[in-house]
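**Student:** Please find one structure pasted underneath; my questions will follow.
The values are calculated or read from the model by the stated rules, or taken from the named source; none is laboratory data. Keep in mind that what you see is a predicted model, and the values were worked out from it rather than measured. Virtual Cβ from ideal backbone geometry, glycine too; neighbours counted across all protein chains shown.
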Amino acid sequence: MRHITPIIPIPPIPPPPRYRPTACCRRAVVTRATDRLAQACTEAVANLVDVMANSGSDGSRVSASKAVIDYAYKAIELEDLAARIERLEEALNETK
């Protein structure tokens, strides 16, 4: 007669704790990313002008260039909104 060992479930290993950057670190990361977008914006505009002038079939270059420009404008808009909110919060705290 064969002996069958019962299967005992092994509890899952908990995932490692997530890295939660502070607000200061997040702002630094976003600022660096925004700076890189701003730098890439010049090249994106140059690509658009080049494609426009040479009228080649460079759909992916045009799409990528437009995306970089859109992201750069959105990043600037977000930074402006964050600065406005910060000023509003400061004004609100001063009136308390």
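**Student:** Which one is farthest from the chain's Cα centre (by Cα) among residues in the stretch 46-70 that are closer than 27 Å to Ala82 by Cβ and loosely packed, with under 14 Cβ neighbours inside 10 Å?
**Tutor:** Lys66
**Student:** Restricting to the stretch 79-96, count the residues that are under 27 Å from Leu37 (Cα atoms) and either free of Cβ contacts under 8 Å to residues at least 24 places away in the same chain or outside any helix (DSSP H, G or I) (or both).
**Tutor:** 8
**Student:** Got a number for residues in the stretch 72-96 being small (Gly, Ala, Ser) and more than 16 Å from the chain's Cα centre (by Cα)?
**Tutor:** Counting residues in the stretch 72-96 that are small (Gly, Ala, Ser) and more than 16 Å from the chain's Cα centre (by Cα) gives 2.
**Student:** Kindly provide the set of residues from the stretch 48-96 that are at pLDDT below 80 and in contact with a Ser or Thr (Cβ under 6 Å, 6 or more places away or on another chain), ordered by number.
**Tutor:** Within the stretch 48-96, just Leu48 meets the criteria.
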